[in-house]
1. Determine which member of the set 266, 279, 349 is away from ligand 2 (no atom under 16 Å from the Cβ) and in contact with a helix residue (DSSP H, G or I) (Cβ under 8 Å, 6 or more places away or on another chain).
2. Conditions first: (1) surrounded by 15 or more Cβ atoms within 10 Å (Cβ to Cβ); (2) touching a helix residue (DSSP H, G or I) at 6+ places or on another chain (Cβ under 9 Å). Residue 308 passes all but one, so which condition is the exception?
3. Within region 164-187, how many residues turn out to be in contact (Cβ under 8 Å) with a residue 12 or more places away in the chain and over 29 Å from residue 153 (Cα atoms)?
4. Take the conditions under 17 Å from the mean Cα position of the chain (by Cα) and either at pLDDT 95 or above or over 24 Å from residue 217 (Cβ atoms) (or both) and apply them to residue 41. Does it pass?
5. Look at residue 301 and say whether it is away from ligand 1 (no atom under 15 Å from the Cβ), within 24 Å of residue 55 (Cβ to Cβ) and modelled with pLDDT of 95 or more.
6. Can you confirm whether residue 7 is out of contact with any helix residue (DSSP H, G or I) (no Cβ under 7 Å at 6 or more places or on another chain) and without any contact (Cβ under 8 Å) to a residue 12 or more places away in the chain?
7. Is it the case that some residue within region 172-184 is at pLDDT below 95, more than 16 Å from ligand 1 (Cβ to nearest atom) and either assigned to a strand (DSSP E or B) or closer than 28 Å to residue 232 by Cβ (or both)?
8. Restricting to region 6-34, count the residues that are away from ligand 2 (no atom under 16 Å from the Cβ) and modelled with pLDDT of 95 or more.
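The values are calculated or read from the model by the stated rules, or taken from the named source; none is laboratory data. Everything quoted here is computed from the prediction, not taken from an experiment. Note: ideal-geometry Cβ built from the backbone for every residue, glycine included; neighbour counts use all protein chains shown.
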Ligand SMILES: Cc1cc2nc3c(=O)[nH]c(=O)nc-3n(C[C@H](O)[C@H](O)[C@H](O)COP(=O)(O)O)c2cc1C
Ligand code: SF4
């Protein structure tokens, strides 16, 4: 029997099924001021209406200088709480858990947001330059994340996901390639994890006991072995879930996948982390068929399965899955047109949704 529509739990809070909308920026649906727009609300509401268990709202920046792009959602000021509240309400109306990803791009900013971005230590690869943060700046960024989480709770979200994956600021601390600091935030494994853990502790102090705090992390952050150790530390220190993707970069794991494994190495990395922790683990990346989801859940390889582009292509993915109807498959365009404008996704054009 399929476990997809069985309940799951995070921090003791019931989730109606095991499907997750992973965070995905919808840049063209926002303005340069970082406020929630009607288009964003429509986007999340429509996906939630189809019965998804958890919606993780896209990377939302905790500091305006840490933006990835001009038109990224913001959570660095109380003025954003009202719009974000509308978003969480729409997601809750449909009975989905509402989590928001909080983010700082560090080195990975696009456009003219800041001339020389901050990162763990001075960086220059010929294309990108970054400046190592002072201890005072680390304190400030820590506080930005904590205040971001406090605002998320005020806006009605059930929890936050720290963006500790895909090359952004927290990975720039985890990564040995980038983090060359010689103080208590660099060098040893313990030191490179310190910033994320201090943010977690700060959020716990300032939010209520039922507030969920998870983290997105790579299974390839320096190595699979190191990532498993990091996951164990994250569990011990009190994160409520781990959402496993890639770390500072996309270097594949040096592993051979089991013969019958129906997904890629990124999902496999998540299953290896799940073997080593007891908190819920979410896996993601190119999972788009029921058979894959069933394999991962029925064999207890993952607790939750995140479906990204397949839900951008077919907003009704969850309902179609539940009712045994055909799914409008993602065409795997390179790059995904949602990065520029969701309205250009060939599947959205086919549906005439955004005319
Ligand atoms: C348009 C787009 C925007 C994305 N934005 C984010 C984001 O805000 N935060 C994040 O952690 N990952 C982001 N991702 C990565 C996805 O969450 C997911 O990990 C990735 O798409 C792989 O899953 P999939 O194959 O199911 O799409 C984005 C991906 C896409 C296609
Ligand atoms: S733009 Fe292409 S890759 Fe992106 S969701 Fe749509 S069909 Fe998939």
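1. 279
2. That leaves (2) as the condition not met.
3. Start the filter on region 164-187 by keeping residues that are in contact (Cβ under 8 Å) with a residue 12 or more places away in the chain, which leaves 164-181, 183, 185-186.
Going one step further and asking which of them are over 29 Å from residue 153 (Cα atoms), we end up with 175-181, 183, 186.
The number of residues fulfilling the criteria is 9.
4. No.
5. yes
6. So residue 7 fits the description; yes.
7. Yes, there is a match, as at least one residue in region 172-184 is at pLDDT below 95, more than 16 Å from ligand 1 (Cβ to nearest atom) and either assigned to a strand (DSSP E or B) or closer than 28 Å to residue 232 by Cβ (or both).
8. 15
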